Amino acid sequence: MSEYETIQYALRDNVALLTLNRPERRNAMNAELNRDLLAGFERAAGDDQVRAVLVTGAGRGFCAGADLTLFQNQPSGEQVYEMIISSYQPMMQIVISMKKPVIAAINGVAAGAGASLALACDLRVMAHDASILMAFSNIALVPDAGATWLLTQLVGYSRAYEIAIEGNRIPAERCLEIGLTNKIVPAEQLMTISLAWARKLAERPTLALSLTKKAMRYAQLHDLAATIEYEAQLQKQTVGSQDFMEGVMAFIQKRDPQFKGK
């Protein structure tokens with residue numbers, strides 16, 4: 001029996017594979033899935049063996065967003081507020097701040113909060129028949145789970161607002177055009193290609209990748225001068241690493257480096 005009710009967790013060659021596992025509901029988020037996802041991300045973040053993370057969905061979809069059966073009894077505004085703060089905020093924050101690259105392998109649709117989860121990941125690979133759908137306005141809701149911040153960071157205010165208020169399904173080809181995904185691959189090769197990319201990143205210098213992510217997140221909120229100073233502070237950490245010396249020696253010796261993540 002799995003230690004999680006609604007996700008599958010596996011470690012493959014220094015890659016943590018998290019699979020949302022409610023296929024009968026297109027992996028829609030409920031309290032159990034939110035809890036398990038957070039626990040899975042925390043486990044990957046705290047495991048030194050893990051040097052990259054890959055997230056995908058079981059069955060025919062990545063994640064359909066919040067499970068709308070939760071709204072049948074019309075929860076109060078305060079209840080919805082508490083759910084967003086207690087569930088989505090820590091989940092998205094750990095993905096954004098994790099010291100390891102996080103890749104979303106998007107199979108089928110990523111909708112609502114599921115789209116937010118995909119966009120919070122550092123990198124995205126979409127099956128050719130996959131799509132992203134900001135479905136909130138279709139049921140008269142405001143985008144949540146960080147969707148407004150994530151969208152505007154990726155595509156700018158005007159296009160983000162258009163995506164949010166029109167509530168149209170955005171096919172993979174269009175996602176690639178406007179910067180919502182990094183790659184499109186045949187659906188039957190999605191996991192093979194995504195896992196190969198994650199494994200390749202896991203062989204890269206882990207500290208450098210971590211601090212690069214940290215620097216770029218910092219740069220989104222600060223000016224050039226502050227960002228350069230921050231980069232200089234981070235660089236003090238990299239020059240003392242074993243991987244830095246390995247990279248220099250490999251360059252001098254004209255061979256491929258063998259990074260150890262230290």
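Please treat every number below as a calculation from the coordinates, not as lab data. A quick note: this is a predicted structure, and the numbers were derived from the prediction, not measured. Using ideal geometry, Cβ is built from the backbone for each residue, glycine included, and neighbour counts are taken over all protein chains shown.
If packing is taken as the average number of other Cβ atoms within 10 Å across a peptide's residues, how do 32-39, 45-52, 112-119 rank, most packed first?
Ranking, from highest mean packing down: 112-119, 32-39, 45-52.
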Original post:
Considering only ALA226, LEU68, LEU209, whose Cα is most displaced toward the positive end of the charge dipole of the chain, charges sitting on Cβ of Lys, Arg (+1) and Asp, Glu (-1)?
Top reply: LEU209
Original post:
Could you give the length gained on full extension between ALA219 and GLN79, defined as 0.36 nm per residue of separation minus the Cα-Cα distance, in nm?
Top reply: 46.9 nm
Subject >> Separation between Cα centres of the stretch 59-84 and the stretch 194-254, rounded to whole Å >> reply: 38
Original post:
What aspartates and glutamates sit close enough to LYS183 to cross-link, taking a C-alpha to C-alpha distance under 18 Å and skipping anything fewer than 8 places away on the same chain?
Top reply: ASP122, ASP129, GLU173
Original post:
Where does the stretch 206-252 land on Rg(C-alpha)/(2.2 N^0.38 Å)?
Top reply: 1.28
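Per 0.36 nm of contour for each residue apart, how much would the distance between ARG174 and ILE139 grow if the chain were fully extended, relative to their Cα-Cα spacing?
Roughly 10.3 nm would be gained on extension.
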Subject >> Gain upon complete extension [VAL248, ARG199; 0.36 nm per residue less C-alpha separation] >> reply: 15.4 nm
**OP:** Evaluate the charge dipole of the chain about its Cα centre and quote only its size in Debye, nearest 20, assuming +1 on the Cβ of each Lys and Arg and -1 on the Cβ of each Asp and Glu.
**Re:** 760
**OP:** Only Cα pairs under 8 Å and at least 6 apart count here; give the relative contact order of the chain as a rounded whole percent.
**Re:** 17
Original post:
What are the extents of the Cα atoms of the chain along their three principal axes, listed from largest to smallest and rounded to whole Å?
Top reply: 65, 48, 35
